Each structure stands twice: as C-alpha cells, then as structure tokens.
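The values are calculated or read from the model by the stated rules, or taken from the named source; none is laboratory data. Please read these numbers as outputs of a predicted model, since none were measured by experiment. Reconstructed Cβ throughout: ideal geometry from the backbone, glycine too, with neighbour counts over all protein chains shown. Quick note on the areas: whole protein, heavy atoms, side chains included, nothing else; ligands and nucleic acids left out. Shrake-Rupley method; radii C 1.70, N 1.55, O 1.52, S 1.80 Å.
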Amino acid sequence: MIEDPVPPVSQQTPDPRDPAAKVREFPTSSGVYLMKDAAANVIYVGKAKNLRNRASSYFSKEAVNDPRIKDWMPLVRDVDYIETTDAIQAVFTEARMIKDLRPKFNKDLKDDKTFPYLQIRTREEFPRVEITRKPRRKGVRLYGPFTSTKPLRIAVDVLQRLLQFRTCTLDIKSGEDRWKWFRPCLLHSIRRCTGPCNFRVSRDDYRAQIKKLIFILEGKTAKLVRRMEKQMRAAADELNFEKARRIRDEITAVQKLDMRGDAAKDVQPEVFPIDPKKGLVGLRKVLGLETTPRTIEGMDIAHLSGQDTVASLVSFLDGIPFKPGYRRFKIKSVAGVDDFASMREVVTRRFRRLRDEDEVFPDILLIDGGKGQLNAAVEAFQALGITPPCLISLAKQEEEIFRPGVEESIKLSRHSAALRLLQYVRDESHRFAQHYHHMLRRKRFTDE
C-alpha cells in the first residue's frame, strides 16, 4: 500500500493546539504569557509589551539555539495569555503569577522579595526621603511600587543633587537643642543636603524643597529633563563624552520614574499585612451593618484565551481564609465568554443550594468586578426570589466598592483595613479561579 505523500508544511492545516500557530493569534497588547507542558502544567511565565510578537519569538528559527530556553522549549505543548492594561501592569502580573504558580523554569521572582517604593515621611518636621521595600502605612507620601531598583536609585541621586533633601535616618526635631551642636555629614559638604540636622536650613525652606520633589514625582519632569538635555549637549560639544553619557543615563532614569505602579491599586500582600479585626469593624461602619460581619464569601470568573470558563468561591471566617469553605464551579450554561451570564449562573447555583439545604448565608458576598458583575448577581437573586446578604462588588481599576441600587461608589483610603481585607478576599478568589482553570486544562489535555 502506497501512502499519500505528506503535503508541504505551508499546505498543511495547522493543529489548533499547536502553540506556534496559537501565538500568531495573540493580541498585540501588553500582558503575560504562560508556557505549558503536555500535562498542562505552567512551566514558564513571561511578560510582554506586545504579546503576539514576544510569544512568537520563542518559536522562531533563531530561538532553537538560544541557550536561555533551548532546554525547556521542547517541553512546551500549549501557551496561554492574560492581557493587562499596560506594560507596567504586566510586570506586576508576571510577578504575582510566578509567586502563585512557581513555574519550574522561572529563576527570578520566586522568593519573597518585593518591588521597591519611594517614601517621603511627610509628618516629620524635616521629611526624610527613602527607598524601601517595607513602606509605612501612615504619615508618608508613597510612590510605587517601582519595576526596578537601579534606575530608581539613579533618579533619586539626580533629584538629591538638584533639591538637596535628606536621605538619612535621623529623627530631627526643632525643639531639641542637641541638633544645634550636631555635625552634618559629608552630603552637606558636597551640597547634596541643606543640613537640617544642624538647623542650617529653616523648617519652612526645607519643606519647600520637599514640595518641589513631590511636584516632580507626580509627573512634572519635563522641565527637569529639558535642563538635563541642555547639559548633555554642552558636555558633548566640549568633547566630554563620559559626562554626556552619564547625563544621558540620568535622563533615562528620571524618565523611568513613571515606570511604577499605583500604591493603592498594586498592593503587594507581602508588604502590607492585614489586621482582620480592624478590617471587619471597618466594613461594618462603611457598609452600615448592624453587627460586625464574621463570614465573607468572594466570587470570581476566570478564563484564559476565552476557553474553559470557571468560577471560584472563597470563604473567609473572622477575616481569615477558611479553606474548607472554598468551592469551584465549571460554567455549564454559557457559551463563549460572557462574564455577566457566568456570574448569574454561579450565584444561582450557590444560593439555590444554600436555600434548599437551609444553610446560613454569608454576612457579605463580594463580587469581583464593577457594576455589570454586581447587577448580574442581583438578577440571580431576583430570579430565585431570595433576599441577598450584604452584596457588594470591588472594581480593580479604581478599587471602588459598588452596592446594589446605589449610584455613588465607596472609595476608601488605600491604608483602610476594610479595603485591604476586601482586596485580600478578591485576590484570593482570583487566585483560586486561576488555579482551577489550570487544573481543568491539565485534565483535558491528559484525557486527550
């Protein structure tokens, strides 16, 4: 028997599960890509400004001999992606996924190391400026988290030469005479600090320096960059190329001050631990509850690349995760990607069972999302004829709390224990949903 010849590659119909073909359909936006093996285990996570271009590069001819990936690329049988709003968000999403999934071939970001912040202690008479991975909760202006420490240090060095603020750890108070006899450090001698430790600058004048720093950190860097570019060109004209190169690098570092997350939105759980009791008391006040809540359930919908839609339910008791109460749902009645319809289904299934089995409802039900997801949950309760528990949603973009029938959202301070607790519940439900999604994908590929 003579077999039909195999057609040229260009004429073959690509396998829909072929990762090389799949990445060509990825969006061109920023995000995170996840490389998976034959058992659907995530073995590598990476970030990208352009998902299609970056993920496709792994399957190019040049990549075959790349020493950084050649040992594990033959193991890749599938690839997924998660879109982000911008490249900065991709950095933080990548870090979170690596810490959660711990992929075998990611060497960095597996430890407990966190992203750095720039902190100004504004409640001090002479505010100090510091780079820290352990920021304070109150009494500071906080910028970050920043995506990289090195350019942040260079930028702070440039700004200190310009504005002469202090970076020491001294606790300077104008009412203490001992500072009159204190000897300023070398930074004052080289004009990098105005010497508040010896009262060589008044309190008001020093705080004026800090106001200028805040002005720059909040985005007004154009004037400073123009000044530095003029200095760079002058150095080049004088053939002082080493100085010109240094100023060029400093300009890049200053411009990278915008390469940072939002301290209120991009909260790192390792940095800001939660006091559960304060969070629960805060929720009682914020939500107008008669008693302090004890039980919170959080729901989230997950799908990667628009496939295998699932939902998660996490349970918190007295502000602490109660793992026996966790539940996961495979969405059954919704075709394609429809988060609202999926949310209606999972709320219906959960609370129909609680009603039919005469079980106690949670004190608070938290929906991950904005008004659309919240309204979908409301519709589910209406269809069941059930009065819902305290029902709220938390929208990640602005960290706003929405309530049914109330137009105005609740916006809490990023330091609020109540908000931090809700973020913890929301993030845990998201993590659990993603975990279940990966389990399903792994099982489906194994079965096939």
> Given a 1.4 Å probe, how much area per residue of the chain is accessible, in Å²?
Replying inline: 55 Å²
>> Counting just the Cα atoms, what span does the chain cover along each of its three principal axes? Round to the nearest Å and put the largest first.
In response: 89, 73, 34
> How much accessible surface area, in Å² rounded to 10, belongs to the heavy atoms of Asp262 with a 1.4 Å probe?
Replying inline: 60 Å²
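What's the FRET efficiency of Ala38 with Asn65 using the Cβ-Cβ distance as r and R₀ = 22 Å, to the nearest 0.05?
Taking R0 as 22 Å, the efficiency between Ala38 and Asn65 is 0.45.
Quick check: at a probe of 1.4 Å, how many percent of the accessible area of the range 217-283 sits on carbon and sulfur atoms? Kindly include the intermediate steps, with their values, before the conclusion.
Details: 2090 of 4100 Å².
With neighbouring chains kept in place, the figure for the range 217-283 is 51 percent.
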> Could you give the length gained on full extension between Thr252 and Arg137, defined as 0.36 nm per residue of separation minus the Cα-Cα distance, in nm?
Replying inline: 38.4 nm
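Length gain on complete extension for the stretch Glu398 to Leu186, per 0.36 nm per residue less the alpha carbon to alpha carbon distance?
Details: separation 212, 0.36 × 212 = 76.32 nm, distance 4.36 nm.
The Glu398-Leu186 span can extend by a further 72.0 nm.
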>> I'd like the accessible area for Ser30: 1.4 Å probe, protein heavy atoms, all chains in place, Å² to the nearest 10.
In response: 10 Å²
> In the neighborhood of Ile247, defined by Cβ-to-Cβ distances under 11 Å, what is the net charge if each Lys or Arg adds +1 and each Asp or Glu adds -1?
Replying inline: +3
> Which ³J(HN,Hα) values, rounded to whole Hz and listed in residue order, are derived for the range 162-172 from phi using the Karplus coefficients 6.51, -1.76 and 1.60 in 6.51 cos²θ - 1.76 cosθ + 1.60 with θ = phi - 60°, glycine and proline given as x?
Replying inline: 7, 10, 6, 8, 8, 10, 7, 9, 5, 9, 8
> Once the piece of chain linking Glu357 and Val225 is laid out straight, how much longer is it, given 0.36 nm per residue of separation minus the C-alpha distance between them?
Replying inline: 40.9 nm
> List the lysines whose alpha-carbon lies under 22 Å from that of Lys332, not counting same-chain residues fewer than 8 positions away?
Replying inline: Lys443
>> Using only the alpha-carbon atoms, how far is helix 417-447 inclined from the longest principal axis of the chain? Give it as 0 to 90 degrees, nearest 10.
In response: 40 degrees
> Put Ser393, Ser189, Ser416 in order of accessible area, largest first, 1.4 Å probe: what do you get?
Replying inline: Ser189, Ser416, Ser393
> Taking springs between alpha-carbon atoms closer than 10 angstrom, which of Lys278, Lys330, Lys70 fluctuates most in the Gaussian network model of the chain?
Replying inline: Lys70
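Just flag the trypsin sites (Lys or Arg not before Pro) in the range 153-185 sitting in loop per DSSP whose Cβ has no more than 11 other Cβ atoms within 10 Å.
Numbers: sites: Arg153, Arg161, Arg166, Lys173, Arg178, Lys180; in loops: Arg166, Lys173.
Qualifying residues, ordered by number: Lys173.
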>> Using only the alpha-carbon atoms, how far is helix 241-255 inclined from the longest principal axis of the chain? Give it as 0 to 90 degrees, nearest 10.
In response: 50 degrees
>> Check which residues have an amide H placed less than 5 Å from Ile274's amide H, if you skip close sequence neighbours.
In response: none
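Restricting to DSSP loop positions (anything but H, G, I, E, B) with no more than 16 other Cβ atoms inside 10 Å of their own Cβ, which GluC sites (Glu not before Pro) remain in the range 238-312? Could the numbers behind the result be given before it?
Values: sites: Glu238, Glu242, Glu250, Glu270, Glu290, Glu297; in loops: Glu238, Glu270, Glu290.
Sparse-neighbourhood loop GluC sites (Glu not before Pro): Glu238, Glu270, Glu290.
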>> Can you give me the long-range amide H partners of Cys193? Hydrogens built in the peptide plane at 1.01 Å from N, cutoff under 5 Å, separation of 5 or more residues or another chain.
In response: His188
> Given H placed 1.01 Å from N in the peptide plane, which residues other than close sequence neighbours of Ile43 have an amide H under 5 Å from its amide H?
Replying inline: Met35, Lys36, Asp37
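Normalised radius of gyration for the range 305-441, please: alpha carbon Rg relative to 2.2 N^0.38 Å, two decimal places.
Values: Rg = 14.6 Å, N = 137, 2.2 N^0.38 = 14.3 Å.
In units of the globular-protein estimate, the range 305-441 measures up at 1.02.
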> Nearest 10 degrees, 0 to 90: what angle lies between the long axis of helix 203-217 and the longest principal axis of the chain (Cα atoms)?
Replying inline: 40 degrees
